1. Pairs of alpha-carbon atoms within less than 8 angstrom and 6+ residues apart define the contacts here; what relative contact order does the stretch 29-188 have, in percent?
2. By per-residue mean of other Cβ atoms within 10 Å, what is the highest-first order of 60-70, 10-20?
3. Quick one: grab the alpha carbon gyration tensor of the stretch 25-128, order the square roots of its eigenvalues as a ≥ b ≥ c, and give me rounded if a/c is under 1.5, else prolate or oblate depending on whether a/b is larger than b/c.
4. Per DSSP H run of n ≥ 4, the term is -39500 (n - 2.57); total these for the chain, divide by its residue number, and report the mean residue ellipticity at 222 nm rounded to 500 deg cm²/dmol.
5. Quick check: Cα centre of the stretch 137-169 to Cα centre of the stretch 18-79, how many Å?
Ligand code: ADP
Ligand code: 5GP
């Protein structure tokens, strides 16, 4: 029985937007696993909701304390990690955990949770579209934009390691595909 959904996609694909629609539609069914990161918060992001925004020192300390289920230096100099405490919190709530993680983290969580998790990869229509979305989102510097695009090809090469693939070309269609997938699941 499944109790977790892993969602990975190159940055800018639309993962956060799709998940937001899912949370709106099913407010009590899913619980977002809030990762820790050393990245600075973007405008509108909330500590404890989008991420736990922590210092590099605190990240290193938590790592030494074995507090992470997995972690990854997703972009040069920026660390992101799934906290074991989040997994426990969501399990106690009796909800389905949503892990928004990079492809390497996604594969690692799938290896650990196996049949308990459904791993979904969201594909951008093209790298050029990805660039346009990241630019339109207005959150990236030239440097962070380049880092995200540089990583996208590698991330896409991981797609076959996921249970399901959704293409986010048309947003409404991608949300519908996602909804159909999770509705076809035999949840715990
Ligand atoms: P991610 O979480 O994967 O990094 P976001 O959800 O932040 O991506 O989406 C990146 C940007 O692309 C946002 O500005 C979002 O509004 C936009 N976007 C998402 N899906 C689509 C789509 N199907 N068509 C056009 N723009 C989209
Ligand atoms: P962003 O900086 O755009 O929020 O996220 C960058 C990337 O880091 C995304 O691919 C996101 O899914 C990934 N990410 C966020 N949290 C985690 C985590 O806890 N572990 C791993 N491995 N990746 C994460």
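Read the figures in this text as sums done on the coordinates, not as results from a lab. Note that the structure is a prediction, hence the values are computed from the model and not measured. A quick note on method: Cβ atoms are made from the backbone with ideal geometry, for glycine too, and the neighbour counts reach across all protein chains shown.
1. Values: 172 pairs, mean separation 32.9, N = 160.
Relative contact order of the stretch 29-188: 21 percent.
2. On the way: 60-70: 14.5, 10-20: 20.5.
Output ranking for 60-70, 10-20: 10-20, 60-70.
3. Details: a/c = 1.31, a/b = 1.12, b/c = 1.17.
Verdict is rounded for the stretch 25-128.
4. Values: 7 runs with 80 residues, N = 188.
Dividing the helical sum by the residues of the chain leaves -13000 deg cm²/dmol.
5. Going from one Cα centre to the other spans 18 Å.
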